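Everything below concerns the one structure shown next.
The values are calculated or read from the model by the stated rules, or taken from the named source; none is laboratory data. Note that this is a predicted model, so its numbers are computed, not measured. For neighbour counting, all protein chains shown are included, and Cβ atoms are generated from backbone atoms with ideal geometry for every residue, glycine included. Ligands, DNA and RNA are excluded from the accessible area calculation, which covers all protein heavy atoms including side chains. Shrake-Rupley method; radii C 1.70, N 1.55, O 1.52, S 1.80 Å.
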Amino acid sequence: MSTPAIPAHQATAWDRAAILALGAAACALSYDALQQMAVAIHIRGFLTYLFPLVIDGFIAYGVRALLVLRTAPFRARLYVWTLFGTATTASIWANALHALRLNQQGISDGLYLGDATVGVLSTIAPLALAGAVHLHILITRETTTEAPEQPAGDAEAKRRGGRPPDASLEDLVEIGRAAAAEQGELSRAVVRTAVQAQGLGMAGKRLTEVMNILRAEAKAASEIS
């Protein structure tokens, strides 16, 4: 199933902040359950705080890896799917088991829910973490890649660093000749201004070539007269 594109104008900093906040909250909820499970399986000391990072870290980065490698060979995609599926299953199972064991022990603040309800609700955190990462990647990618289509001339100008296109040497000489006749003066400033007024670009070397031609013409005209 293809994921619908998100228009660039709808993706704002607030969208990213909301998704990051949701992902952080989901990670914190899942982290609490997994850290307690690490204690239960006799992981010692501060290492219990690393256990949730390994599992939920694979979920978070697995989503990105799936998107990055979506066109990779099948064996590579299968490997990533295996890691992602294993981490997601482990996190969901651990969160559900944690909630069920506490529920069976009667640990409650007054509201008691059935085991099935507790088990299902406890899986929301790891699933929300994967979903938040997925949404953040999609919004970031669509915002940076989806842009209005530009005319060919604009695209060419952008590739040239935003500089206007150059005209041929003959056209530049003609523009300079007309400008000099109109202004009654032949100078680099007059020619450059006239060329820019036509929406054209001209490098310094090309301007020198144009000026050499125009000055040669002016010199020839003065010798004849």
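Of note:
- S168 sits with roughly 50 Å² accessible to a 1.4 Å probe, with DNA, RNA and ligands left out of the calculation.
- Sorted on the mean count of surrounding Cβ atoms within 10 Å across their residues, most packed first, peptides 211-222, 170-181 read 170-181, 211-222.
- For A178, net neighbour charge (Lys/Arg +1, Asp/Glu -1) across residues whose Cβ lies under 15 Å away: -4
- Among W14, W93, the sequence by solvent-accessible area, most first, with a 1.4 Å probe is W14, W93.
- Of F51, F84, the residue with the largest accessible area leads and the full order is F51, F84 (1.4 Å probe).
- Full extension of the segment from A178 to D32, taken as 0.36 nm per residue of separation minus the current Cα-Cα distance, would add 44.6 nm.
- At full extension, F74 and R101 could sit 5.8 nm farther apart than now, given 0.36 nm per residue minus the alpha carbon distance.
- Once the Cα-Cα distance is subtracted from the 0.36 nm per residue extended length, the L200 to Y61 segment shows a gain of 45.1 nm.
- Efficiency of FRET between T117 and A13 - r from beta-carbon atoms, R0 41 angstrom, step 0.05: 0.65
- When the surface is traced with a 1.4 Å probe over the full set of protein chains, Y79 keeps roughly 140 Å² accessible.
- Over all other residues within a Cβ to Cβ distance under 13 Å of F51, the charged ones net out to -1, with Lys and Arg as +1 and Asp and Glu as -1.
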